[in-house]
Amino acid sequence: MRELYRRVIDDLAHISPQIGVGFVTFVIAAIVGALNPQIGGAALQSFGEFVKDLLDLGTAELIVQIFLRNASTAAASIVGGVLFGILPLLSILFNGILMGAVLRLMPWDFWRLIPHGIFELPAMFIAWGLGLWVGAWILEPPRWENLKTRMTKGLVIYLLVILPLLAIAAVIEGVAAGIYRR
């Protein structure tokens, strides 16, 4: 098991440039979302539809829904990377714009985002970075073998790193939402 985690750490180090690209793209998108109310408003409206469905859930149900949404988004970003990284890039842009729009609307309440963001954002940056890395499969021969290797490594990192981080984030976010509703 120790050897498996060493390989995961090595693989994460190998994809760190893609994680960095994802982070920088997210920050730029957040700035756009904060400075452009029209673009940020569209992202908020889209996200508001999702949140509306969660308002009546109990804490445990909310935790499960948050976890499932984030886990499926992360998985889709990794697997969707097969399409030359387009899907993870779109996910980065949407989430960055959304974050910027939220910060524009609630600049003094940003601290509420910090507790779950400590776990959720690194997990998503890793997933987005993996998706971008998977998207470059076509550039390195043998292409199909390269794609298979990248998808396998992505799955291992998803299971051992991303899902545990998202589980912690969902618990924190679900419990915090329950407290804020009171």
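The values are calculated or read from the model by the stated rules, or taken from the named source; none is laboratory data. Everything numeric here is computed off the predicted structure, so don't read it as measured data. Note that we place each Cβ from the backbone using ideal geometry, even for glycine, and neighbour counts take in every protein chain shown.
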Note: among Pro107, Pro141, Pro88, just one is more than 21 Å from Ile63 (Cα to Cα), under 10 Å from the mean Cα position of the chain (by Cα) and not β-branched (Val, Ile, Thr), namely Pro88
By my count, helices (runs of 4 or more DSSP H) wholly in the stretch 1-64 with at least 2 residues that are in contact (Cβ under 8 Å) with a residue 40 or more places away in the chain and of a type in the set (Gly, Ala, Ser) are 16-35, 37-52
*Is it fair to say Gly58 is in contact with a Lys or Arg (Cβ under 9 Å, 6 or more places away or on another chain) and either at pLDDT below 95 or among the small types (Gly, Ala, Ser) (or both)?*
no
Filtering the stretch 41-62 down to residues that are surrounded by 14 or more Cβ atoms within 10 Å (Cβ to Cβ) and over 29 Å from Val134 (Cβ atoms) yields Gly41, Leu44, Leu54, Leu57, Thr59, Leu62
Residue check for Pro107: out of contact with any helix residue (DSSP H, G or I) (no Cβ under 7 Å at 6 or more places or on another chain), surrounded by fewer than 21 Cβ atoms within 10 Å (Cβ to Cβ) and either under 23 Å from Ile39 (Cα atoms) or not aliphatic (A, V, I, L, M) (or both)
yes
Result of the Cβ filter at 6 Å on the stretch 105-118, keeping first residues that are of a type in the set (Phe, Trp, Tyr) and modelled with pLDDT of 75 or more and partners that are surrounded by 12 or more Cβ atoms within 10 Å (Cβ to Cβ) and in a helix (DSSP H, G or I), at least 6 apart or interchain, is Phe110/Leu103
Trp137 fails exactly one of (1) among the aromatic types (Phe, Trp, Tyr); (2) modelled with pLDDT under 95; (3) more than 21 Å from His14 (Cβ to Cβ); (4) in contact with a helix residue (DSSP H, G or I) (Cβ under 9 Å, 6 or more places away or on another chain), namely (3)
Of the listed residues (Ala76, Ala71), the one being under 22 Å from Gln45 (Cβ atoms) and in a helix (DSSP H, G or I) is Ala76
Scanning the stretch 151-182 for residues that are charged (D, E, K, R) and touching a residue at least 40 places away in the same chain (Cβ under 8 Å), the one nearest to Ile19 (Cα to Cα) turns out to be Lys153
